[in-house]
1. For residues that are more than 18 Å from LEU59 (Cβ to Cβ) and part of a loop (DSSP other than H, G, I, E, B), tally how many sit in the range 16-42.
2. When the residues of the range 14-42 are narrowed to those that are small (Gly, Ala, Ser) and more than 17 Å from GLN64 (Cβ to Cβ), which ends up surrounded by the fewest Cβ atoms within 10 Å (Cβ to Cβ)?
3. Check off (1) of a type outside the set (D, E, K, R); (2) part of a helix (DSSP H, G or I); (3) loosely packed, with under 15 Cβ neighbours inside 10 Å for GLY10 and give me the number that stays unchecked.
4. Look at the range 76-92 and say how many of its residues are assigned to a helix (DSSP H, G or I) and surrounded by 12 or more Cβ atoms within 10 Å (Cβ to Cβ).
5. Does the range 50-59 include one or more residues that are touching a residue at least 40 places away in the same chain (Cβ under 8 Å) and more than 24 Å from SER90 (Cα to Cα)?
6. Mind checking which residues of the range 43-66 are at pLDDT 90 or above, assigned to a strand (DSSP E or B) and surrounded by fewer than 21 Cβ atoms within 10 Å (Cβ to Cβ)?
Amino acid sequence: MVRIRFRRMGLKGQPSYRIVVTDKRSPRDGRFIEIIGFHNPRTEPATDTIKEERALHWLNVGAQPSEAVMLLMKRTGTWARFERLRKGESMETLVAEAQAQYAQIEVSPKTRYPAPADGQSKWKAAERAAAASAAAEAEAAAKDTGDAVDALEADAKKVAKTVEGEAADAE
């Protein structure tokens, strides 16, 4: 069986990984068929590069990604493009979409890693934006809940007045 998995590179305590297509029986750092990408977890954010055309080709012919590579493919969007390929979209459109996605990422000319904006990583900025959005939604939900409670209290007052009026009529 053919697998897509990580191959460890780098010095002791400074790992970086190649994403390789290999026979399942080969050792982690042994023989491989083809290198289809790189993963560097030591950068902020982690640097992930996948040759989309080759990855989609190998997935299409039956190569099975490891769990770690599957998570990486989901994070980069490769897995979603593979699902669309299986549904019948053309490989050329999917590869062009991936190239456009990678072109949008700003890269530092010195390190060739994604450039952080204002000393902050884009991932952290995205997390902060998501947290702010969630807080705004929670505030809106609380306001809606408060409005609903006010409406219920007003209805209860009307019912109480009606009951008092009926009680006064009955006397």
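The values are calculated or read from the model by the stated rules, or taken from the named source; none is laboratory data. The structure displayed is predicted, hence computed values, not measured ones. Every residue, glycine among them, receives a Cβ derived from its backbone with ideal geometry; neighbour counts consider all protein chains shown.
1. 9
2. That would be GLY30.
3. That leaves (2) as the condition not met.
4. Residues meeting the conditions: 9.
5. No, because not a single residue in the range 50-59 is touching a residue at least 40 places away in the same chain (Cβ under 8 Å) and more than 24 Å from SER90 (Cα to Cα).
6. Within the range 43-66, GLN64 is the sole residue that qualifies.
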